[in-house]
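Let me begin by presenting the structure, written as structure tokens, before commenting on it.
The values are calculated or read from the model by the stated rules, or taken from the named source; none is laboratory data. Given the structure is predicted, the values throughout are model-derived calculations rather than measurements. Virtual Cβ from ideal backbone geometry, glycine too; neighbours counted across all protein chains shown.
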Amino acid sequence: EGFGLKVKGKRAVDVGISTGGFTDCLLQHGAIKVLGFDVGYGQTDWQLRQNPALTLFEKVNFRKLTDEELGKMNMSAEIVVMDVSFISSTLMADNILKIFTKEKRSTNDFFCSSTAIKASEGLMHSMKLNSSLFEADLPKLCNGILVTLIKPQFELGKEKIGKGGIVKNEESLKESIEKVLVCYTVKGLYNIAIIQSPIEGAKGNREFLLLSVIIL
């Protein structure tokens, strides 16, 4: 909702499904199919497991899936959400790009309004993020949308992480965000907006939701 996304009728993939928070949100907003991946086992909510719209892959390291394995799954994703821990989001990008549908469609089909562009103006200003790492306008056509939960504690070196695993320093928070932004930009993703997650991370860490448009 914070990005004004249209989820209804879309095929989605949840990388790092864990208990299923992202997937539950996708299904409640009308996603017709969700494929969920988790390196763990038994964490996903029991009620979600009973939903025929969810196909769950547990004990699967998404990052290490081969091109052949990804091809057999024939995901053709239109929306991908990612929430990974103990690893940088940047290390997942290559395989993420391989699972989107090859069919382009109007980018407007993914958005209810211009909310996405406006959503991050306050955060970009307050954190002095490099505006050149964001696109000023939505492209007309795209293959899909990626929403990444950026967890600073897993993007930074140990020397930047405070007591109890908390990242409080504003410059370190900015560094963690721009690390992901630069990686995605280099790989050809269109970074559109970023907001602070309304839900705090483990131990009270600030986390951030990044919206990117995929054009293959």
Just checking: which of the strands (runs of 3 or more DSSP E) contained wholly in segment 1-117 hold 3 or more residues that are modelled with pLDDT of 95 or more and under 25 Å from ARG206 (Cα atoms)? 11-15, 33-38, 79-82
Given the conditions (1) over 18 Å from VAL182 (Cα atoms); (2) in contact with a Cys (Cβ under 6 Å, 6 or more places away or on another chain), report the number of the one that CYS142 does not fulfil. (2)
Can you pull out the residues in segment 8-33 that are under 14 Å from the mean Cα position of the chain (by Cα) and β-branched (Val, Ile, Thr)? VAL13, VAL15, ILE17, THR23
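For every residue, the table says whether it meets (1) basic (Lys, Arg); (2) closer than 26 Å to ASN74 by Cα; (3) touching a residue at least 40 places away in the same chain (Cβ under 8 Å).
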| position | (1), (2), (3) |
| --- | --- |
| THR107 | no, yes, yes |
| GLU135 | no, no, yes |
| CYS142 | no, yes, yes |
| THR148 | no, yes, yes |
| LYS158 | yes, no, no |
| GLU175 | no, no, no |
| ILE195 | no, no, yes |
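Residue-wise test of (1) touching a strand residue (DSSP E or B) at 6+ places or on another chain (Cβ under 9 Å); (2) among the acidic types (Asp, Glu); (3) modelled with pLDDT under 95.
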residue	(1), (2), (3)
GLY157	no, no, yes
GLY162	no, no, yes
VAL167	no, no, yes
GLU175	no, yes, no
TYR184	yes, no, no
GLU200	no, yes, yes
Looking at ASN143 and the list (1) over 26 Å from LYS104 (Cα atoms); (2) within 19 Å of the chain's Cα centre (by Cα), which single condition is not satisfied? (1)
